[in-house]
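For reference, the structure is listed below as structure tokens.
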Amino acid sequence: QVQLVESGGGSVQAGGSLTLSCEVSGDTYSTGCMAWFRQAPGKEREGVAVINSGGAYEYYADSVKGRFTISQDNATNTLYLRMNELAPEDTAMYYCAAARTSCYLIVPLSSRPYNYWGQGTQVTVSS
């Protein structure tokens with residue numbers, strides 16, 4: 001079993017920054033591709049950023065490329081999402097997710113391959 005717990009959400013003004021954290025526990029060695037997703041009110045869940053556990057691989061949605069950075073700390077089993085230049089359209093519930101499969105073998109921004117999900121952390125960006 002793998003458990004994911006997000007934290008770091010909150011309210012920020014447009015142009016500001018936030019860093020989200022996802023603490024991974026349980027059978028961490030079963031985790032391959034890891035990702036951040038988000039879902040805004042009235043919209044479908046969308047993939048934001050992806051990183052492969054133990055590998056040099058990152059992938060970002062066009063809407064956040066250049067503003068967001070995904071990273072992981074293997075020593076603490078923590079996934080991060082650094083969000084810069086936040087805009088109101090970034091307002092959403094943010095979820096971390098983990099797949100058993102390597103990022104190279106899946107469509108990374110699709111939610112279907114991910115086996116484990118956190119409960120989410122709310123990010124609200126005001127203008």
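The values are calculated or read from the model by the stated rules, or taken from the named source; none is laboratory data. Note that the coordinates shown come from a computational prediction; the quantities given were computed from them, not determined experimentally. FYI the Cβ positions are ideal-geometry reconstructions off the backbone, even for glycines, and counts take in every protein chain you see. The area values use the complete protein model at the heavy-atom level, side chains included, leaving out ligands, DNA and RNA. Shrake-Rupley method; radii C 1.70, N 1.55, O 1.52, S 1.80 Å.
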Those residues of the stretch 1-57 that are within 15 Å of L81 (Cα to Cα) and not in a strand (DSSP E or B) come to a total of 6
Regarding G26, is this residue among the small types (G, A, S) and without any contact (Cβ under 8 Å) to a residue 12 or more places away in the chain? no
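Being out of contact with any Pro (no Cβ under 9 Å at 6 or more places or on another chain) and not hydroxyl-bearing (S, T, Y) is the requirement here; does G66 meet it? Don't jump to the end; show me each part of the working.
Values: out of contact with any Pro (no Cβ under 9 Å at 6 or more places or on another chain): yes; not hydroxyl-bearing (S, T, Y): yes.
Yes: the conditions hold for G66.
Let's see how each residue does on (1) closer than 16 Å to Q119 by Cα; (2) open to solvent by 20 Å² or more (accessible area, probe 1.4 Å); (3) over 11 Å from the mean Cα position of the chain (by Cα):
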| position | (1), (2), (3) |
| --- | --- |
| Q3 | yes, yes, yes |
| G8 | yes, yes, yes |
| A14 | no, yes, yes |
| S30 | no, yes, yes |
| F37 | yes, no, no |
| A49 | no, no, no |
| G54 | no, yes, yes |
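Looking for whichever is among the hydrophobic types (A, V, I, L, M, F, W, C), in contact with a helix residue (DSSP H, G or I) (Cβ under 6 Å, 6 or more places away or on another chain) and at pLDDT below 95 here; the options are C33, C103. Which one fits?
Every option except C33 fails the conditions.
Matching residues to (1) in contact (Cβ under 8 Å) with a residue 40 or more places away in the chain; (2) over 22 Å from S25 (Cα atoms); (3) open to solvent by less than 30 Å² (accessible area, probe 1.4 Å):
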residue: Y59; (1), (2), (3): yes, yes, no
residue: D62; (1), (2), (3): no, yes, no
residue: I70; (1), (2), (3): no, no, yes
residue: D73; (1), (2), (3): no, no, no
residue: L81; (1), (2), (3): yes, no, yes
residue: M93; (1), (2), (3): yes, no, no
residue: R100; (1), (2), (3): yes, no, no
residue: I106; (1), (2), (3): yes, yes, no
residue: N115; (1), (2), (3): yes, no, no
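Regarding L105, is this residue in contact with a strand residue (DSSP E or B) (Cβ under 7 Å, 6 or more places away or on another chain) and not β-branched (V, I, T)? So that I can check it myself, show each step before the final result.
Values: in contact with a strand residue (DSSP E or B) (Cβ under 7 Å, 6 or more places away or on another chain): no; not β-branched (V, I, T): yes.
The answer is no for L105.
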